[in-house]
Amino acid sequence: KEKEWKGPFYFIQGADPQFGLMKAWSTGNCNSSGDEWEQEIRLTEQAIQAINRLNPKPRFFVLCGDLIHAMPGMPFQREQTKDLQRVLGAIDREIPLVFVSGNHDLGNVPTAETIEEFCQTWGDDYFSFWVGGVLFLVLNSQLWYDASSCPALKQAQDLWLAQQLSLAGQQKCQHAIVFQHIPLFLQSIDEDDDYFNLTRSVRKEMADKFTKAGVRAVFSGHYHRNAGGTYKNLDMVVSSAIGCQLGKDTHGLRVVVVTAEKIVHRYYSLDELNEKGIEDDLMELMKQ
């Protein structure tokens, strides 16, 4: 029944709670696991509180990667994971959680073992689901960053994605939307390669596949700042973090409203969303 369009709805996107980074960043040693994460606990609790207060409820809450800071096998990985799961456990039971894998969840060079560990802890590293006539694709962007240690897994995702995009291209969905941790680009398809984007050749290949299939938007994190741009008809949306900020943005969440014709999104600070909720113009879109 979720494959049928029944009218506008909205969901919440968050990214990079990354328990432990704020301590590591403050000490200038981001390669450490971060041995404190009380600030991130409080911020994520604030995010969950804001989401639970929303009325009507969002259809789901997606976290676009870097759930914790400690990479696989590093100190505090288990403790950070346990604390994040405890905090997320307070979400309203009627709001499904969707998890996207990030580089800190899998390692910068993922292996079959680190991917399996993620899947056992958080769920599949790539999958699709339907909500209200919209096809959502959750992707493992680390496989496009460096799959040298697990080439067969990259090939498997690529084959699966081709099938999913074929379905989207046949216009059997109202919209198709992608979630991945690393953005295709931060502002422009032609920008220089950077730690925070995918390489030019990869991003162009993926963007062309997406646009050909009619994908309307890609939502990412990783940058710890708000950014984004467009390529043809594709909206690349980069959301800042729930946790550590690397720019001038505030700890926050993105509200995404899906209507029959368009996808409208707005970033809110955690304070704004807690105190004021979603603004009237976005609420009006959901009444159409």
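The values are calculated or read from the model by the stated rules, or taken from the named source; none is laboratory data. Keep in mind it's a predicted model, so treat the numbers as computed, not measured. Backbone-built Cβ (ideal geometry, glycine too); neighbour counts: all protein chains shown. Note: areas computed on protein heavy atoms with side chains; ligands, DNA, RNA excluded. Shrake-Rupley method; radii C 1.70, N 1.55, O 1.52, S 1.80 Å.
Tabulated data for the structure shown
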read-out	value
Any hit, the range 71-91, residues being modelled with pLDDT under 95 and either touching a Lys or Arg at 6+ places or on another chain (Cβ under 6 Å) or under 19 Å from Ser269 (Cα atoms) (or both)	no
Residue within the range 195-213 that is aliphatic (A, V, I, L, M), surrounded by 14 or more Cβ atoms within 10 Å (Cβ to Cβ), in contact (Cβ under 8 Å) with a residue 60 or more places away in the chain and part of a helix (DSSP H, G or I) present	yes
Residue list for the range 163-179, restricted to those being in contact with a Phe, Trp or Tyr (Cβ under 8 Å, 6 or more places away or on another chain) and either over 22 Å from Ala15 (Cα atoms) or assigned to a loop (DSSP other than H, G, I, E, B) (or both)	Leu165, Cys173, Gln174
The range 98-140: number of residues that are open to solvent by 20 Å² or more (accessible area, probe 1.4 Å) and within 19 Å of Val218 (Cβ to Cβ)	7
Residue ID - nearest to Glu38 (Cα to Cα), chosen from residues in the range 233-288 that are part of a strand (DSSP E or B) and of a type in the set (Gly, Ala, Ser)	Gly252
Residues within the range 100-130 that are under 26 Å from Arg86 (Cα atoms), not hydroxyl-bearing (Ser, Thr, Tyr) and not in a loop (DSSP other than H, G, I, E, B), tallied	15
Subset of the range 31-46 [hydrophobic (A, V, I, L, M, F, W, C) and either in a loop (DSSP other than H, G, I, E, B) or loosely packed, with under 15 Cβ neighbours inside 10 Å (or both)]	Trp37
Whichever residue in the range 141-162 is hydroxyl-bearing (Ser, Thr, Tyr) and either in a helix (DSSP H, G or I) or open to solvent by less than 40 Å² (accessible area, probe 1.4 Å) (or both) and, among such residues, is farthest from Pro183 (Cα to Cα)	Tyr145
Cβ pairs under 7 Å, 6+ apart, first in the range 241-264 and over 20 Å from Phe179 (Cα atoms), second aromatic (Phe, Trp, Tyr)	Cys244/Trp25
Cβ pairs under 8 Å, 6+ apart, first in the range 6-21 and surrounded by fewer than 24 Cβ atoms within 10 Å (Cβ to Cβ), second hydroxyl-bearing (Ser, Thr, Tyr)	Pro8/Thr259
Set Val134, Val138, Val100: member being farther than 25 Å from His224 by Cα and at pLDDT 95 or above	Val134
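Every residue, every condition in (1) surrounded by fewer than 15 Cβ atoms within 10 Å (Cβ to Cβ); (2) out of contact with any helix residue (DSSP H, G or I) (no Cβ under 6 Å at 6 or more places or on another chain), yes or no:
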{"site": "Asn55", "(1), (2)": "yes, yes"}
{"site": "His69", "(1), (2)": "no, no"}
{"site": "Gly73", "(1), (2)": "yes, yes"}
{"site": "Gln80", "(1), (2)": "no, yes"}
